[in-house]
Amino acid sequence: MTVLSDDRSAGAETWTPVCRVEQIPVGGGVAALLDDGVQVAVLRTDDGELHGLSNIDPFSGAAVLARGIVGDIGGVPVVASPIYKQNFDLRTGRCLDDPDVGIATYPVRVVDGTVHVGVR
Amino acid sequence: MSRTLVVAGHGMVAHRLVEALRSDDVDGTWRVVVFGEETRPAYDRVVLTSYVDTWDADALVLPGAEYAGDELVDLVLGDPVESIDRDAKRVTTRSGRVQDYDALVLATGSRPFVPPVEGKDLPGVFVYRTIEDLDDIRAAVERARQRRGRPAAAVVGGGLLGLEAAKALRDMGLSPHVVEMAPRLMPLQVDDGGGGLLNRLITDLDVTVHTGTSTSAIAQDGDRLQARLGNGTELDVDLLVFSAGVRPRDDLGRQAGLELGERGGVLTDETCRTSDPDIFAVGECASVAGRVYGLVAPGYSMAEVAAATLLGREASFPGADTSTKLKLMGVDVASFGDAHAATEGSLEVVFNDAVNGSYKKLVVSDDATTLLGGVLVGDASEYNLLRSLVGGELPADPAALIGPAGGGGDAVGVEALSDDAQICSCNAVTKGAINAAIHDDGCDSVGAIKSCTRAGTSCGSCVPMLGKLLAAGGIEQSTALCEHFTQSRAELFEIVRATRITTFSELIAKHGTGTGCAVCKPAVASILATLGNGHVLGGEQATLQDTNDRFLANMQRNGTYSVVPRVPGGEITPDKLIVLGEVAKEFGLYTKITGGQRVDLFGATVDQLPQIWRRLVDAGFESGHAYGKALRTVKSCVGTTWCRYGQQDSVGLAVELELRYRGLRSPHKLKSGVSGCQRECAEARSKDFGIIATEHGWNLYVGGNGGAVPRHADLLVSGVDTDELVRIIDRFLMFYVRTADRLQRTAAWLDELDGGLDHLYAVVVEDSLGICDELEAAMAEHVANYEDEWKGVLEDPEKLARFTSFVNAPGAPDPTIAFETERDQPVPVMLGVPEVVSR
Ligand SMILES: Cc1cc2nc3c(=O)[nH]c(=O)nc-3n(C[C@H](O)[C@H](O)[C@H](O)COP(=O)(O)OP(=O)(O)OC[C@H]3O[C@@H](n4cnc5c(N)ncnc54)[C@H](O)[C@@H]3O)c2cc1C
Ligand code: SF4
């Protein structure tokens with residue numbers, strides 16, 4: 001299993017274990033509830049990379065991004081909001097359909113098959 | 001100060017005139033007062049006969065004919081103009097209303113011609129021109145039916161209008177006689193060869209044809225009629241319809257001293273102006289430069305000429321193409337140009353295929369280089385192309401154009417046509433005008449051409465040629481599904497079907513690029529589901545599914561779901577209704593009755609869905625697929641079970657159909673309805689496939705739609721029994737599922753289908769492509785393999801495990817979801833503060 005730990009994880013202070021890697025479907029995601037009530041969507045691309053994004057869709061205010069479809073638009077890995085279908089860049093949180101909108105990203109790492117989400 | 005235009009008559013042509021004037025008169029220089037004799041606004045008389053299918057006059061409505069909201073148009077109905085005072089420039093109506101005018105347009109149409117036969121005024125003798133005429137005929141048929149079961153009827157006239165009347169009678173379940181004085185049917189349109197075939201085809205349809213003889217007298221015989229023909233035949237009938245041509249209604253003009261044409265009609269010049277410069281005449285009552293026209297297209301062009309003249313622009317009537325194409329009782333008849341080879345020295349090329357019931361004749365110039373006209377009977381599919389070639393140089397040997405191999409459509413391309421060739425004859429749009437729309441106005445789709453030029457918006461038979469002109473203009477209409485697949489949905493369907501690929505990853509690896517997106521993943525998931533690849537949430541399929549399919553429920557704006565169990569035909573027992581109430585109470589759900597006759601329970605969280613469904617499945621409910629691009633509901637009225645008017649068991653059929661097609665995944669949602677009689681309480685004609693009962697069986701309508709672009713469904717077959725009905729719906733649905741684009745409802749699909757309704761009929765009723773067996777087999781497989789999706793989830797722990805809000809805290813409620821109470825029920829409150837990061 002790929003261990004994703006890019007630069008973004010470097011500054012993380014606390015890591016929360018959320019699930020086993022195999023609990024996250026390829027091309028799909030799960031939602032994790034952190035201690036402070038923050039919801040993170042952990043999404044898994046077809047080539048096995050994991051990404052953490054805020055679970056809240058900024059256009060509707062609903063906590064649903066973990067239930068979106070994961071794919072790519074012009075090679076950029078994205079998740080599509082299940083409510084109004086805007087695509088969000090999994091790496092940066094930027095909205096592809098409205099460049100003024102973006103959402104928070106969270107570092108994700110895998111330790112011994114367990115997925116952890118980091119908060120700075 | 002605006003001037004006043006008075007219009008006498010509100011038929012099809014008057015309506016087009018008012019429409020044209022009002023759309024061009026931006027400064028409102030004319031105020032329009034229309035007086036109509038009929039009590040309803042102008043309607044589509046050309047399709048009068050289809051009124052028998054539904055007995056719903058609304059189906060004939062011409063859009064905008066009430067001028068609602070237009071303060072400059074006054075429409076006065078049921079009050080005909082009775083006289084014109086040309087000196088005072090005013091008209092007087094039957095009710096005594098006096099109206100001054102600055103200009104007057106006569107658009108009074110025609111009256112049916114009734115020959116001076118003894119007994120022509122007897123009760124039981126009718127004419128055929130208005131909705132009321134048809135209502136009267138229907139009443140007479142009903143009365144006779146009560147007296148003696150199967151009534152008999154005769155139509156006098158074997159031309160276009162006579163055969164229309166015969167069709168109406170046949171659609172009412174009668175086997176009419178048709179009496180025609182000329183030696184063949186449709187003498188004006190076809191020659192003897194075509195007439196012979198036509199006679200045979202019409203006789204096959206249970207119509208008795210008497211040609212070469214007239215009706216010499218009609219006599220009362222008890223409560224029936226006896227019609228004596230010139231050849232000695234006596235016909236005992238319950239009713240008789242005169243439909244033997246028309247005569248212009250020129251009495252107003254005659255009485256006002258206007259000049260008349262030699263053969264009747266108010267004489268006008270090429271601008272449609274009569275001998276009084278302030279009075280115009282348009283439509284069937286006009287004799288433009290001495291010629292009267294009995295078709296709607298020339299009338300429309302007169303209306304446009306008169307409107308332009310009234311606005312001070314130059315316009316003149318270009319003469320008209322009297323070509324006609326019709327489908328009478330399923331038989332194609334077309335004639336165009338010099339159909340009777342009246343041109344000196346003209347030559348005829350005839351192709352007569354008695355076996356397949358097809359007769360084609362082309363008339364060409366003496367040197368065989370120019371097409372002059374022609375006749376097509378039985379198969380008129382090349383009509384549009386051939387007609388537009390008239391007057392131009394022939395692109396190929398005339399025999400090749402109508403011969404069995406290829407046929408006109410393939411032998412010559414649209415490139416061969418000249419710029420002034422008319423592509424759409426209903427709206428007089430030339431190839432030049434369409435090309436201008438494509439190249440100058442940037443129209444890049446058939447839809448854009450339609451709205452820009454009106455071409456293809458009436459009978460639709462030129463739509464395939466619009467597509468060819470686009471292609472000829474180098475405009476490629478991309479059918480690519482998305483950036484990951486260059487293929488259209490229909491092509492992908494065929495690939496999956498032929499290769500038996502069962503996963504998205506294999507399909508995209510072999511036939512696409514990238515990793516997929518929210519467009520192609522659900523589209524492929526739907527194709528895989530239609531072709532029977534197990535549970536929609538099985539294996540890799542789960543993550544392909546769109547929002548709602550992913551959790552087999554409808555996601556609402558706050559991320560919660562609504563739950564809709566299936567209630568086939570809208571029929572539900574009190575016990576089941578109580579279960580729905582109990583479940584709603586227990587889980588705190590908002591309840592609403594849907595338009596599809598079921599109950600929608602709102603506000604369920606992901607975690608609650610399996611618990612709710614456990615209760616529902618135990619009580620005998622199953623998934624209603626409200627979340628899927630699949631069959632939704634088959635709505636029904638109570639039909640013969642309860643209703644005094646019911647003709648058939650509409651609920652029984654609705655239940656049967658809903659159970660048959662439940663779970664069928666399709667390009668878009670599918671809705672259906674069954675009404676027990678023509679009163680149409682189930683609104684079946686607004687559905688993808690709707691069924692209306694008649695006393696003879698079922699009428700099937702397809703391609704209906706509600707929503708933003710409503711469309712009345714078109715009649716596909718009538719009077720069929722339940723087995724035949726189901727067989728045709730099986731084929732229709734499978735054909736649609738295979739060939740439609742992603743998210744294309746049947747209405748849009750049918751509008752875009754090459755050849756339209758005729759083609760659909762050919763494929764699913766006549767099996768022209770030889771695929772009906774295959775379509776039926778595919779549906780049989782679907783029916784045999786149907787399983788309830790929700791039951792499937794409840795039985796599978798792995799699928800169940802996905803129904804949690806938080807992977808690390810199963811059972812924890814989602815803190816962003818909250819409700820408040822409105823009208824005693826819970827409704828969502830949005831708490832989630834969006835974390836917007838501005839960049
Ligand atoms: C069954 C049938 C099938 C047809 N099929 C075809 C076809 O396939 N193709 C085709 O091109 N054409 C067809 N036609 C012909 C087509 O319907 C007519 O060409 C067209 O309706 C003519 O329009 P109009 O406005 O001139 O006359 P109409 O539609 O007859 O309208 C005239 C109106 O004026 C009213 N009126 C008369 N006198 C007065 C008065 N003094 N004051 C006020 N109102 C008055 C009449 O009541 C009528 O409502 C068909 C006609 C029928 C009956
Ligand atoms: S459609 Fe006809 S049968 Fe059905 S409820 Fe209405 S009136 Fe009765």
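The values are calculated or read from the model by the stated rules, or taken from the named source; none is laboratory data. All values reported here derive from a predicted model rather than from experimental measurement. Cβ placement follows ideal geometry from the backbone for every residue including glycine, while neighbour counts extend to all protein chains displayed. Note: accessible area is taken over every heavy atom of the protein model, side chains too, but ligands, DNA and RNA are not part of it. Shrake-Rupley method; radii C 1.70, N 1.55, O 1.52, S 1.80 Å.
One table, with the values for the structure above:
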read-out	value
Label-point gap, in nm, between B:D721 and B:H759 - each point 7 angstrom along Cα→Cβ	3.3
Virtual spin-label span in nm between B:D575 and B:R454, 7 Å along Cα→Cβ	6.2
Cβ-defined net charge surrounding B:D773, 10 Å radius [Lys, Arg +1; Asp, Glu -1]	-2
Electrostatic dipole magnitude of the protein assembly as shown [Cβ: Lys, Arg +1; Asp, Glu -1; Cα centre; debye, to 20]	1680
Trypsin sites (Lys or Arg not before Pro) within segment B:584-644, DSSP loop, no more than 13 other Cβ atoms inside 10 Å	B:R644
Shielding by other protein chains, A:73-79, mean Cβ within 10 Å	3
Prolate/oblate/rounded label for segment B:125-244 (Cα gyration tensor, a/c 1.5)	prolate
Inverse mean reciprocal Cα-Cα distance (Kirkwood Rh) of the protein assembly as shown, Å	32.1
Theoretical FRET efficiency, 1/(1+(r/R0)^6), r = Cβ-Cβ of B:V350 and B:Y786, R0 51 Å, to 0.05	0.40
Förster radius 45 Å - calculated FRET efficiency between B:A139 and B:D420, Cβ distance, rounded to 0.05	0.40
Pair B:A471, B:E491: separation of 7 Å Cα→Cβ label points (nm)	1.3
Rounded if a/c under 1.5, otherwise prolate or oblate - segment B:324-455, Cα gyration tensor axes	prolate
Inter-chain Cβ neighbour average for residues B:515-523, partner chain, 10 Å	6
Centroid-to-centroid separation of segment B:557-590 and segment B:259-309 [C-alpha atoms, Å]	64
Under 16 Å from B:K669, Cα to Cα: lysines that are on another chain or at least 8 residues apart	B:K629, B:K635, B:K687
Probe 1.4 Å, accessible area per residue of chain B, Å²	42
Segment B:1-108: C-alpha gyration tensor shape, a/c 1.5 cut-off, then a/b vs b/c	oblate
Isotropic mean projected area of the C-alpha convex hull, chain B (nm²)	42.7
Theoretical FRET efficiency, 1/(1+(r/R0)^6), r = Cβ-Cβ of B:D441 and B:E314, R0 25 Å, to 0.05	0.60
Under the span-like rule (Cα at least 24 Å along the axis, Kyte-Doolittle mean at least 0.0), DSSP H helices of chain B	B:722-739
Size of charge dipole - segment B:629-786 - debye, nearest 20, with Cβ of Lys, Arg +1 and Asp, Glu -1, no other charges	940
Signed unit charges on C-beta, dipole axis of segment A:49-106, positive-most listed residue A:V78, A:A62, A:A104	A:A62
Share of carbon and sulfur in the accessible heavy-atom surface of the protein assembly as shown [1.4 Å probe, %]	48
Fraction of beta bridges assigned by DSSP in the protein assembly as shown that are antiparallel (%, nearest 5)	70
Among B:804-812, B:370-378, the order from most to least packed when residues are scored by Cβ within 10 Å on average	B:370-378, B:804-812
Extended-chain gain in nm, criterion 0.36 nm per residue less alpha-carbon gap, B:R614 and B:L77	187.2 nm
Accessible surface buried upon B-A contact (total; probe 1.4 Å; Å², nearest 100)	3100
Residue mean of other protein chain beta carbons inside 10 Å, A:26-33	6
Under 24 Å, Cα to Cα: Lys pairs in segment B:324-455, sequence gap 8 or more or different chains	8
